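Some notes on the structure that comes next.
Throughout, read-outs are computed from the coordinates displayed, never taken from laboratory work. What you see is a predicted model, and the numbers here were worked out from it, not measured in a lab. When we count neighbours, we look across all protein chains shown, and the Cβ atoms used for this are built from the backbone with ideal geometry, even at glycine.
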Amino acid sequence: MQTSSYSHAFLVGSLNGRMKPSQLEADPQWGEAQKIPFDGMAGYANLCSIYYKGHVDAMLQAEGQDRPRFLSCVSHYVHRVAADAQQVPLSTVSVRDGNTVVQHLDGYQLRICAIHLYFFPLDTILFALEIDDTGSELNDLTMGHFLLANWCWEGGMCFHDNTRNALSNVLSPLVPYLKDELLKNLIGGGNKMKLFQVIQLETSAVADDTLYELATSSRIGSVNGDTWLTPSEQYYQKIIDNNIVSAFNSWKGLALMDSFTVLGTHNGIRPEAWTNLYFPLIYLRAVFEKTFCFSRNNAYREDRAKSNLASEIALMEKYYFYDNISYNFLPNMLYQAMAKGLGIKEEREELSKQVKEKEDTNNSLIMAAISVFAIFSVAFDFYSLMKAWIAPDDSDLPMFALGVSALSFLGTITVVLYLTSLRRR
Amino acid sequence: MISISISYQTREHLAPHFHQELPGSKFYCQQPENLLEEAMRLFPEQFRQNHPEADGRRRLSLHFPHPIGISGVVAIDELTPEERSRIELADRQGQQVRCVATRRLFETTECQLVLSADWQLITMFPGELAPPLPARPDEPSAYWDRHVFIKWA
């Protein structure tokens, strides 16, 4: 069985918790990630020569750099897991056909390196579990990633107590900040963590089927096999044709809704570029955008929509929702592929529908208000005209005045009923 | 990855080894899956390199780094002179065997697993792997001449 010569991954989700960065500053288990210096290869100035300054400011904190007020909360905190606690055995227990099945991924070299918390505008907090499983057998690796991303599988499979205890121990710094102390409810939106994985194999070319199997956390060989999880030819081809991103022979990426996978050959994929730059600068941006849109769309469907959605969208349009983030082709290509995989365009279209609907309702209300004034105005004009025609000498016309008043009253009632029916809609 | 399945029938059969209130050799853990998980984690190579024997069964003899239970069989050398004097014949599942009644507990770090070729658990017990009992108690046996069953007093 093939093993990875390099494998590093981030499991990302929106945190089911609420906190301010200042709370973490008082917690010794957490440290603020080092702010990027101004100078140097990975410095702010250098980043701004590759990426647009607006994009860098929207994603990172840099020393001594002023940012727009909307972006002032963007920050990154990290909890480094002690080396003696990094190794987590991955065992599961499940019930299949009445039999209890105990499973241990003995070829899986899992180390949980760190927990990251990323603060974004509009009360969004993303977390990431950084893991390294270099040297793992690929089947164990895909199974391990699947189990970790899903935390507990609905098919009756759950982590063995030893695994759960080890994971709970590693993740304990998060617990005080969670809404629900159960770690299995770690994720604030969606049913699984998103997976960003960088894998290198000692091969001379990237095989599409292996890339697909890794990206979908499937059993290795399932694309060409005969199992119930073997993809149909049409589906497989659609994914390969539409979601692969590739620029050089040494790697290929596959951007899906639940994962972004880059698979490299023995020629090298510069792992540090993927884990230190493309993950925090590009993938997290796409996940943040997706989280924002998804949470607002869900709130709308569940009648929990906020009234200030239009202003939130306007801010997001200004600071995040743009397709090109770099002067260079590769970051733009990666961002566009990741955004496509996450379905951000579709989510944004749904958001736009909400805003348009809100605008239509507002316009109707304005028109209705104008109509009320128009009725009074017409009534007054009609009264003045009739009065001038029937009683030009200013004599009292009580019956006439009563008729005009009744007409105005009926008009007002009609408008009120119309407005009420609009609101009910 | 290694997967072992435990059927309901096997779980019933193993109950005396895990329920502390029933007589017989005991595992310290409460459930067979807990010990199996630890075994798979500690001895992956033994599982991976194991092959079925002629009868189609896999047998693994595992030495844990800590006591995992109480053995139901003890070497006569480990008994006190007073205990040795109390060795007697007793009925065990229809067979006459030598045993000794004692309140002492003989901890063991050893565990025996018997599995089918497709990794279904057939049985597991704490203690060393003993050869089959001789047909009669007076029949010579290198192992059973030096070991007796424990009958907890």
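Amide H contacts for B:Ile122 (H built 1.01 Å from N in the peptide plane; partners 5 or more residues away or on another chain; cut-off under 5 Å): B:Val114, B:Leu115, B:Ser116. Mean partner shielding of peptide A:105-111, defined as the number of other chain Cβ atoms within 10 Å of each residue Cβ, is 3. The long axis of helix A:161-171 is offset from the longest Cα principal axis of chain A by roughly 60 degrees. What shape does the stretch A:1-103 have by the C-alpha gyration tensor, where a ≥ b ≥ c are the square roots of the eigenvalues, rounded means a/c under 1.5, and otherwise prolate means a/b greater than b/c and oblate the rest? Judged from the Cα gyration tensor, the stretch A:1-103 comes out prolate (a/c at least 1.5, a/b above b/c). By the count of other C-beta atoms within 10 Å, a proxy for reagent exposure, A:His145, B:His63 are ordered fewest to most as B:His63, A:His145. Projecting the Cα atoms of A:Asn99, A:Gln65, A:Gly188 onto the dipole axis of the stretch A:6-342, where Lys and Arg carry +1 and Asp and Glu carry -1 at the beta carbon, places A:Gln65 farthest toward the positive end.
Let me make sure I get this right: for chain A, a, b and c are the square roots of the gyration tensor eigenvalues over alpha carbons, sorted descending. Under 1.5 in a/c it's rounded, otherwise prolate if a/b > b/c, else oblate. Which is it? Prolate, because a/c is 1.5 or more and a/b exceeds b/c. Rank A:Gln200, A:Gln87, A:Gln234 by mean-square fluctuation in a GNM of chain A with C-alpha springs under 10 angstrom and give only the top-ranked residue. In the Gaussian network model the winner is A:Gln234. Take each residue in B:40-50, count the other chain C-beta atoms within 10 Å of its C-beta, and the mean is 3.
Taken one residue at a time, the phi angles of the stretch A:197-202 give Karplus couplings (6.51, -1.76, 1.60, θ = phi - 60°) of 10, 10, 10, 10, 10, 7 Hz. Gly and Pro are set to x.
Taking Cα centre as origin and charging only the Cβ of basic (Lys, Arg, +1) and acidic (Asp, Glu, -1) residues, the dipole magnitude of chain A rounds to 600 debye.
How many angstrom lie between the C-alpha centres of the stretch B:120-144 and the stretch A:168-208? First find each Cα centre; the distance between them is then 49 Å. Taking the charge dipole of the protein assembly as shown about its Cα centre, with +1 at Lys and Arg Cβ atoms and -1 at Asp and Glu Cβ atoms, the residue from A:Phe321, A:Phe380, A:Pro173 reaching farthest to the positive side is A:Phe380. Need one word for chain B: rounded, prolate or oblate. Basis is the Cα gyration tensor (sqrt eigenvalues a ≥ b ≥ c); a/c below 1.5 gives rounded, then a/b vs b/c decides. Taking the square roots of the gyration eigenvalues as a ≥ b ≥ c, chain B is prolate.
Applying the criteria of a DSSP loop state and at most 15 other Cβ atoms within 10 Å to the chymotrypsin sites (Phe, Trp or Tyr not before Pro) of the stretch A:207-276 yields A:Trp228, A:Phe248.
Treating only the Cβ of Lys, Arg, Asp and Glu as charged (+1, +1, -1, -1), what charge dipole size does the stretch A:67-202 show about its Cα centre? Round to the nearest 20 debye.
Computed about the Cα centre, the dipole is about 640 debye.
Separation of the stretch A:278-354 and the stretch A:1-77, taken as the distance between their Cα centroids, equals 18 angstrom. Taking Cα atoms only, the orientation of helix B:8-18 departs from the longest principal axis of chain B by about 50 degrees. Once backbone amide H atoms are built at 1.01 Å from N, A:Phe260 has A:Leu195, A:Phe196, A:Gln197 as its partners under 5 Å, excluding neighbours fewer than 5 places away on the same chain. Where does the charge balance sit around B:Thr108 when Lys and Arg score +1, Asp and Glu -1, over other residues with C-beta under 14 Å from its C-beta? It works out to a net charge of -2.
For B:Tyr143, no residue whose modelled amide H falls within less than 5 Å of its own remains once neighbours fewer than 5 places apart on the same chain are excluded.
Available extension along the chain between A:Gln234 and A:Glu317 is 26.3 nm, counting 0.36 nm per residue and deducting the alpha carbon span. In sequence order, the stretch B:70-77 has phi-based couplings of 10, 7, x, 10, 9, 6, 4, 4 Hz under the Karplus curve 6.51 cos²θ - 1.76 cosθ + 1.60, θ = phi - 60°, and Gly or Pro positions carry x.
Between the listed residues A:Ile115, A:Leu263, A:Gly13, the Cα displaced farthest toward the positive end of the dipole of chain A, a dipole computed from Cβ unit charges relative to the Cα centre, is found at A:Gly13.
Within chain A, which is the longest segment that contains none of the GluC sites (Glu not before Pro) sitting in a DSSP loop with at most 15 other Cβ atoms within 10 Å? So the longest stretch without any such site is A:303-425.
Cross-link pairs exceeding 28 Å between alpha carbons, from the set A:Lys192/A:Lys345; A:Lys238/A:Lys358; A:Lys194/A:Lys358; A:Lys179/A:Lys238; A:Lys238/A:Lys306; A:Lys20/A:Lys194: A:Lys238/A:Lys358; A:Lys194/A:Lys358; A:Lys179/A:Lys238; A:Lys238/A:Lys306. Helix A:284-301 axis versus longest C-alpha principal axis of chain A: approximately 40°, rounded to the nearest ten.
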